[in-house]
1. What would the Debye equation give as log₁₀ I(q)/I(0) for the stretch 50-171 at q = 0.12, 0.13, 0.16, 0.18 Å⁻¹, counting only Cα atoms as equal point scatterers?
2. Taking all protein chains as present, what is the carbon and sulfur share of the accessible area of the stretch 371-541, in % to the nearest whole number, probe 1.4 Å?
3. Counting only helical runs of four or more DSSP H residues, what would the 222 nm mean residue ellipticity of the chain come to if each run contributes -39,500 (n - 2.57) and the total is spread over all its residues?
4. Going through the stretch 77-149, which chymotrypsin sites (Phe, Trp or Tyr not before Pro) have at most 10 other Cβ atoms within 10 Å and a DSSP loop state?
5. Rounded to the nearest 20 Debye, what is the dipole magnitude of the stretch 371-541 about its Cα centre when Lys and Arg each give +1 and Asp and Glu each give -1 at the C-beta?
6. Going out from 0 in 10 Å bins, what whole percent of all Cα-Cα distances in the chain drops into each bin?
7. Give the angle, between 0 and 90 degrees and rounded to the nearest 10, that separates the Cα long axis of helix 124-135 from the longest principal axis of the Cα atoms of the chain.
8. Could you work out the local net charge near A132, counting Lys and Arg as +1, Asp and Glu as -1, over the other residues with Cβ closer than 10 Å to its Cβ?
Amino acid sequence: MVRPLGGANAAPGRLGNPVGGPPLLELQAVRRRYGGGETPAVEVLRGVSLRIARGEFVAIVGASGSGKSTLMNILGCLDRPSEGCYRFAGHEIGTLDADALAWLRREAFGFVFQQYHLIATLDVLHNVEVPAVYAGYPEAARHERARALLARLGLEDRLGHRPQQLSGGQQQRVSIARALMNGGRIILADEPTGALDSRSGSEVMALLRELSAAGHTVILITHDRQIASQAARVIEISDGVVISDSARADAPTLPSVHDDASGSDTLDAQAKPDPADDDFAAELARGVARRISPLTELREALHMAGRVLLANRFRTVLTLLGIIIGVASVIVMLAVGNGTRAEVMAQISTFGAKRLYVLPGAEDRGSPGGTLSEADVAAVATVPNVAIAMPFYAGHATLRVGHVDTDTAIWAVTADAPAVLSWPVMQGAFFSAADDDRLATVAVLGTHIAAKLFGRVDPLGQYVLIDDVPFQVIGILASKGATSGQANDDDVIMVPARTGSRRLFGKADLSWISVLIRSVERADETVAEIGAVLERVHHRRDFRVYNQAAAVEAEGAAQRTLTMTLGLIAAISLVVGGIGVMNIMLVTVKERTREIGIRMACGARQRDVLRQFLTEAILLSAAGGLAGIAAGLLTGGALLLLDVNLIFSVRAILAAFTCALATGLVFGYMPARQAARLDPIAALAGP
Ligand code: ADP
Ligand code: MG
């Protein structure tokens, strides 16, 4: 069933450890203590010294609790001695940092654990590939090699299975394939048969013997003397010290492996850095700095994040709710704000920014009301920035033509009215200053009232009775309602100011003075100057000067403040969303502690783990951001149907999405760092 594994790339020549050179692994007086401080210190290894040459098949045997696993963890660079010295191919590695040790694990070691330690969320193929991912091998090569290894181990029809769908023996073979993925020059197997039935156990032992025969250095840890006896050399450990070693300490026997064994081996597909080379340090530096291609990394992280997202759908959606609401509300609120602003701007341009009003009566309602006269109009006209000052009488009158009579607004204004009101005549002409001077009884009609009074008859030249005084129609105004949307804007009749005041209103008190100014920039000054001029005439402030543009702008400013407040609320919900992401990532890190340990044993550097979890956090928030954009657009669409004026801004959408990503980055960093700083041994032990 299991085809021969053939010669491994663990041939002695490739280990660069010529006969007579330093041993492959060498421990000198290694001690390992746990605890200390608050808990009582226990010394688990109490001065272990041993040498293992390349290609050896060594069993370390001892009772449970004697320190075998502790020893294996130190040999496999998963743990460090508290005291003593560990040399790898003659190089002291006690001084190496976490990333350098990760590189060494990745390049030199393959672990086989009693509990298999496969990643439950990955299928068989991807489990086997994990070490190669961290070694940065291209995906195609990785797949090919993992497939080849699995085929040799009789698992070719299990590639897509999850570990929990396999028997213990199959899982252990998967973990052996994983140990061989990067070459597995040194196989460290900690009670590999401990959880297996006797048949699967024998299969695994046969595999280890084969690997040994193929040139791999195999270190087998077991409490079972019978299993240990299958190794060429047996080291017995008891209570943290080596009590016997079947090999002679000075000259360990080398198995008969040959340099040429690796030549035809597909398992030797990649040229690997040789940790025993003279330029070990340079190789190490290169290996540690080696970058996994960002694309591969992103794909791996996407893959993982996707699984995590899907595995906990409900939890994920709840977590992301904050981000979704935040992004959606930023988008909708800014759209509403923009819509309102546009409305205000349209109002300003309709009202005209260049118009001021002088109204009779003081600001303070308690003071006696004043009046405005034509003399005041002349006074206002003396202010330099004033282009036109126009008296304005506004009232109501009954109009009659034939049998039709109607009540309407009547404005008595001057010939300047079309300019001051930006309201041109459409038909005929407006009255002139001369008409005003001679108290002419002429009138200009709004389109609506003209239609009401005259129907289809051309009103020009016709007469209309205003409070029983006949006025001749000389012009029709352009339709204001067409632009303002309000038909009664056109329900107006205009007559010359003096005619109106003398013959219709019977009084000289103006309703207000309409002022057209030259420069909008100086509007505020002009308001003050008009006030000063009139105060000199009136001797008191029994009038008020009103800047309509400023009022509209003030309204706009209030709207902006409102928009900003809403935006702030949206931002707060983004922060809340970020805290949700942080929370879920902390839970994820806790739940996946063992997975992190496995990845580290497979050679993941701290930065690899950091990057993986950070990418997951960012992807999570990106998913939230996208959902938020969708929710925002849908909400906005619904509001549009309800006739709310809103303008979506691409910039706001992009900004909200970027904020969501940044939220993931900021709030995902802490959990990711926590994951990266886990100690491999502690992580492997689980949460
Ligand atoms: P073995 O693998 O031979 O059964 P281990 O190396 O796992 O033994 O453990 C040896 C001793 O070290 C045991 O008594 C165990 O309780 C102790 N030990 C192992 N790991 C720790 C730890 N992280 N903290 C404290 N004690 C530990
Ligand atoms: Mg153990």
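1. So the normalised log intensities are -0.59, -0.68, -0.97, -1.13.
2. On the way: 4120 of 7880 Å².
The value for the stretch 371-541 is 52 percent carbon and sulfur by accessible area.
3. -15000 deg cm²/dmol
4. Numbers: sites: Y86, F88, W103, F109, F111, F113, Y116, Y134; in loops: Y116.
The qualifying sites: there are none.
5. With Lys and Arg at +1 and Asp and Glu at -1, about 180 debye.
6. Final binned percentages: 3, 12, 16, 13, 9, 7, 6, 6, 6, 8, 7, 5, 1, 0.
7. With rounding to tens, the tilt is 80 degrees.
8. Local net charge: +2.
The values are calculated or read from the model by the stated rules, or taken from the named source; none is laboratory data. From a predicted model like this one, the values you see are computed outputs, not experimental measurements. We place every Cβ from the backbone using ideal geometry, glycine too, and count neighbours over all the protein chains shown. With ligands, DNA and RNA removed, areas are computed over all heavy atoms of the protein, side chains included. Shrake-Rupley method; radii C 1.70, N 1.55, O 1.52, S 1.80 Å.
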